[in-house]
Structures are given as C-alpha cells and as structure tokens.
1. Would you mind getting the accessible area per residue of the chain, heavy atoms of the protein chains only, 1.4 Å probe, in Å²?
2. Scan around residue 207 for amide H atoms under 5 Å from its own, H built in the peptide plane at 1.01 Å from N, and keep only partners 5 or more places away or cross-chain.
3. Please compute the contact order of region 307-367 in relative form: average sequence separation of alpha-carbon pairs under 8 Å and at least six residues apart, divided by the residue count, as a percent.
4. Can you work out the FRET efficiency for the pair residue 200 and residue 33, with r the C-beta to C-beta distance and R0 = 30 Å, to the nearest 0.05?
5. From the phi angles alone, apply the Karplus equation (6.51, -1.76, 1.60; θ = phi - 60°) to region 147-164 and give each ³J(HN,Hα) in whole Hz, x where the residue is Gly or Pro.
6. Output the peptides 351-358, 24-31 sorted from most to least packed, where packing is the average of other Cβ atoms within 10 Å over each peptide's residues.
7. Roughly speaking, what is the centre-to-centre gap between region 48-100 and region 277-303 when only Cα atoms are used, to the nearest Å?
8. Calculate, in nm to one decimal, what residue 224 and residue 346 gain on full extension: separation in residues at 0.36 nm each, minus their alpha carbon distance.
Amino acid sequence: MKRLSILLFSAFFCAGLQAQNKFNLLVGTYTNTCQSNGIYVYEFDADSGAFKLKNSSESVVSPSYLSVSADNKFVYAVNENGPQSSVSAFGYDAVSGKLSFLNKNDALGADPCHLINDDKNVLVANYSGGNIAVFKKNTDGSISEVQQLVQHEGKGTNVARQEKAHVHMLAFSPDKKFVLANDLGLDKVFIYKYNPTSKNEILTLKGTVDVKPGSGPRHLTFSKDGKFVYLVQELDGTLTTFSLDKNGNLKAVAETSILPKGFKGGTGAAAIKISPDGAFLYVTDRVDANSIAVYKIQKEGGIELVEQISTLGKGPRDFAIDPTGNYLLVGHQYTNDIIIFKRDKTTGKLTDTGKRIGLCSPVGLVFTRV
C-alpha cells in the first residue's frame, strides 16, 4: 500500500511538473501583407519544444505588439495602421486561449509600435506620431480615451530615418518609479518620472540621455539586478551599456557593435532580451544580417560575445525565450515563420530544432502562464 502511495505521488508530481512547463505563446502579426486573424495563441511545451494552436482573435488590424496584464487576464495590443492607428483591449482566458474584444481607442499618433501596462495604465509608443499616449485602465480591463499625450520634437542626422521624432519603445524601470522611452528619430533616451495615480500628468520629464548621432535607439532591457540597461540602436547596430541608479540616472559605461567585423550589408537591429536566469543577452539584426547575437553577461554588467548565428529567416523583428529558458523562438516578418531554437542554459548557445510555426508576418511574441 505504501509503495502504491509513493507511485501515485510520483505520478502526480511528474504530471504537475509537466503542466508547469506548458505555457501560452501569444503572437501579434501584421495583417496587411497576407491572411491573418491578428493575434494567435499557441500552447508551447517547454520540455519538448512541441506546440499547437489553441485560439486566435477575429479580424484584428495589425496587432504588431502585445502586452499582457500582470494578473494574466487581459491583453493589450497596438493596431499599427498609419493615421488610423488605435490601441485595443482584450479579455484573456489563458486556459482556452480565447481573446474577447473589450474596446479600442484612437492612439492619437500614427503607427504605434510598442506598449506596456501595469494595474493603472497602458502606455503606448507612437512611432510615426513621435509621441507617447497614456490610457487609464477601467475596472473591467478596458481602456479609457487618451489621458495624457507627450509629444517629442526635433530631428536627427539621418535625413531618411530621423526627419522627426520616432518613439520606438517604453519600459518601466525595475522599481516602477520611472519610464524610459527610446526615440529613434532624436538619438535620445527620455527618462520620465512615473506617477501612476495622476489623472493627466502620469509622465513628467526627468531628463534625457544622448546616444551616438545617427545610431537610432530602438529597444532596451535591464540586467537582472536592475543596475544596468542594455540598449540596441537600430540604424548602425550599436549596443550601449548604461548604469542605472536608484534616482533614475543613466550613465553610458560601455559600447560595442552587434555587426560582425567586415560586415558590409544592410543592418536593422531589432529586439534585445535577457535570459530568465539573467546570465545571457540576445539581440537580433535584420535587413541583410538576419542574425542573432549571444552575449554572456559578466560581473559589473560587462558583456562578452558568445556567438552570432543566422535566424534562418528574413526579418527577425522579435523573439521570446520561454520562462524555463529551454527554448528561444524567433518570429520572421518576411518569411512568415517562427523558428524554434533549443537553448543551452550553460553556454547560452542556440541550436535549430527543425521545428517551425508557419504564420503570416509574426512580429510580436510573448509567453504567458496557463
């Protein structure tokens, strides 16, 4: 009897572990180049790399970037559609993967390309609009009309790409006291004090940090201890490391390039993320490079290149690492697929599993718990 109890406990324990390693993968897409419903939800097994489609939205226009609420009950999406761009809110049932449309409101800026949320607000980066739109959350998870619009002004040195402000990404500081905003058009990172309960002064400018002229800051991520910020610049492939203090001050401490020595082709750095254990940094590059660089994070925030490999597709705009750190998935905007790489947790290196998710123009990937 005792042996049977042990066996039953072991079976339940193993089943529990297996269930814990299944997650939802949410994918935002462009809908103007091929057939797409908008947002797709897949079940992903982080033990085997297996996946299956669970659900999708219905006729959502170009939800290129997604942000999931901390309680896992709501999904927010930008609808990247030129001057007619908007921001949408959805109820989210993680078990079924069902997305229930709640409402949408005008983004008040063309081509929103990134957004973040907390329990009070949804903050949106409008790329072509060159501004930040802040929406309040309603009790049912829907969003208000824009409560604050912060406009950036100016231009950069690259006439073709920096003719005006282009806000490309927003990020809460680890302590949630500040919001960092990368402006590709102005070669600046804006630092805003974050006042979540304010009615219409949610963001107040603390200061800005300049980066190399013509480099075009795109995306950033934080070290696991929150003391360093890694910023990738889209236009020239520069990767800058900043220190971050408790007062929200950024100071550049190191700079390198994600481009291989002697590389002469087109470049367009895209996504930058850190492994769940905080030990490795990953950065994708598009246009002709179509690669992902792997860096080991050293003490005091330094980075050391481990490898740089092909992403096996064209236009690796975004990628996601599953919460266990076993797999890294890269979405390709132009070859319409998601490549599943196995990740070595010790070395950080990536190996192609041969597994592919075929999908129209996947450009935003995020894992959630089930």
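1. Details: 15880 Å² over 370 residues.
Each residue of the chain exposes 43 Å² on average to a 1.4 Å probe.
2. Counting only residues 5 or more places away or on other chains, the set is 191.
3. Working: 134 pairs, mean separation 20.1, N = 61.
Once divided by the residue count of region 307-367, the mean separation gives 33 percent.
4. Numbers: r = 37 Å, r/R0 = 1.24.
That pair, residue 200 with residue 33, gives E of 0.20.
5. Going residue by residue, I get 9, 8, 10, 9, 9, 9, 10, x, 7, x, 8, 7, 4, 6, 10, 10, 6, 6 Hz, with x marking Gly and Pro.
6. Descending mean neighbour count gives 24-31, 351-358.
7. Centre-to-centre distance over Cα atoms comes out at 27 Å.
8. Values: separation 122, 0.36 × 122 = 43.92 nm, distance 1.68 nm.
Result for the pair: 42.2 nm of gain on full extension.
The values are calculated or read from the model by the stated rules, or taken from the named source; none is laboratory data. Since the structure is predicted, the reported quantities are computational estimates derived from the model, not experimental observations. Don't worry about glycine lacking a Cβ; one is built from the backbone with ideal geometry, like all the others, and counts go over all protein chains shown. Calculation scope for accessible area: heavy atoms of the full protein, side chains included, ligands and nucleic acids excluded. Shrake-Rupley method; radii C 1.70, N 1.55, O 1.52, S 1.80 Å.
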